[in-house]
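The values are calculated or read from the model by the stated rules, or taken from the named source; none is laboratory data. Predicted model only: the values in this text are computed from it and were never measured. In this analysis, Cβ positions are derived from the backbone assuming ideal geometry, glycine residues included, and neighbour counts consider all displayed protein chains. Heavy atoms of the whole protein, side chains included, go into the accessibility calculation; ligands, DNA and RNA do not. Shrake-Rupley method; radii C 1.70, N 1.55, O 1.52, S 1.80 Å.
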Amino acid sequence: MDFRKRIITAFALLTLFTIIAFGIQVYIEGETMAVTGEAAPLPLAQSVITLSGADFLYGPQDWRPYAAPLSLNTLPGTPDGHEWYFCFVLLNDTPYGGNPALFRRQAVSVNYTFENLAGTAAFYPYGTTTLPVTSRTSRQDGYGSSGYIVTGTAPAGEAAPQAAPLERSNLVRARLANTKGLGPDEIAAGTIDLWFPSEGGGQDALHLTTDLDKRKGEIVTGAPASGRFYVTHTGGSRLNLVCLLIAVDRPQPENFSLRLETRPAEAAW
């Protein structure tokens, strides 16, 4: 076999190997999600959930999960040592910001409406990957940091007996506030595992923004009681679950409610 034929044969084999490897990766991702039950059912086009004060299952504490706990008091107007109550809400779709030849680029649109919010509410995104099984979140401060803050005027409620602080660990299993339904369907699993193997990894993949041209996110303070923001992803790796951590800095009154409406939003990146 002459040199030219060897080059052609090698190129053909390399192309075939690449196609087979990609097919195996997609197949394994699908099988892993099916076997572990970690993924939600096929995404709905739109989902609505309404939360009450009783859905804030965690706290009081001043940090959120990561390899090294991230302070909830780095955004403007939140003093050190200030404690929060929070919950986790699974979204009906996952943002993707990687190679557009493999998966569509999109964000997740979140419309929210607070009724009778006491004090301050803050939003943070979390997500999980399949291979390997690790987690992603937003940067807390510095370049690329993002956060979304809403302040209410309602009087605080009484103590929140349903809440308990999370254990300080880089592996956290958290109950989802919307276990029994996101829209008309039920979520397959009532918990989400947040696993950050090492400090410094997985903290700059997910972002919150009000403008899809700012896909690396922004810090929004003084947001209105009703509005919209987007969850974007620039981490590259495919996500199989995305949820919001919603934190409030005091117990909420009995007439408190938070309505969330989520849907996929195509991004023109």
The number of residues in region 184-211 that are surrounded by 14 or more Cβ atoms within 10 Å (Cβ to Cβ), modelled with pLDDT of 90 or more and assigned to a loop (DSSP other than H, G, I, E, B) is 2
Restricting attention to region 81-95, the residues that are in a strand (DSSP E or B) and free of Cβ contacts under 8 Å to residues at least 24 places away in the same chain number exactly 0
Do we find a residue being modelled with pLDDT of 95 or more, part of a loop (DSSP other than H, G, I, E, B) and open to solvent by 10 Å² or more (accessible area, probe 1.4 Å) anywhere in region 99-116? yes
Condition (residue is closer than 15 Å to Leu260 by Cα, without any contact (Cβ under 8 Å) to a residue 24 or more places away in the chain and β-branched (Val, Ile, Thr)) applied to region 141-157: is it met by at least one residue? no
Those residues of region 141-160 that are part of a loop (DSSP other than H, G, I, E, B) and either buried (at least 21 other Cβ atoms within 10 Å of the Cβ) or aromatic (Phe, Trp, Tyr) (or both) come to a total of 2
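Quick check: anything in region 237-246 touching a residue at least 12 places away in the same chain (Cβ under 8 Å), among the hydroxyl-bearing types (Ser, Thr, Tyr) and assigned to a strand (DSSP E or B)? It would help to see each step written out before you state the result.
Here is the first cut: in region 237-246, the ones touching a residue at least 12 places away in the same chain (Cβ under 8 Å) are 237-246.
Narrowing further to those that are among the hydroxyl-bearing types (Ser, Thr, Tyr): 237.
Add one more test, that the residue is assigned to a strand (DSSP E or B), and what stays is none.
No, region 237-246 contains no residue that is touching a residue at least 12 places away in the same chain (Cβ under 8 Å), among the hydroxyl-bearing types (Ser, Thr, Tyr) and assigned to a strand (DSSP E or B).
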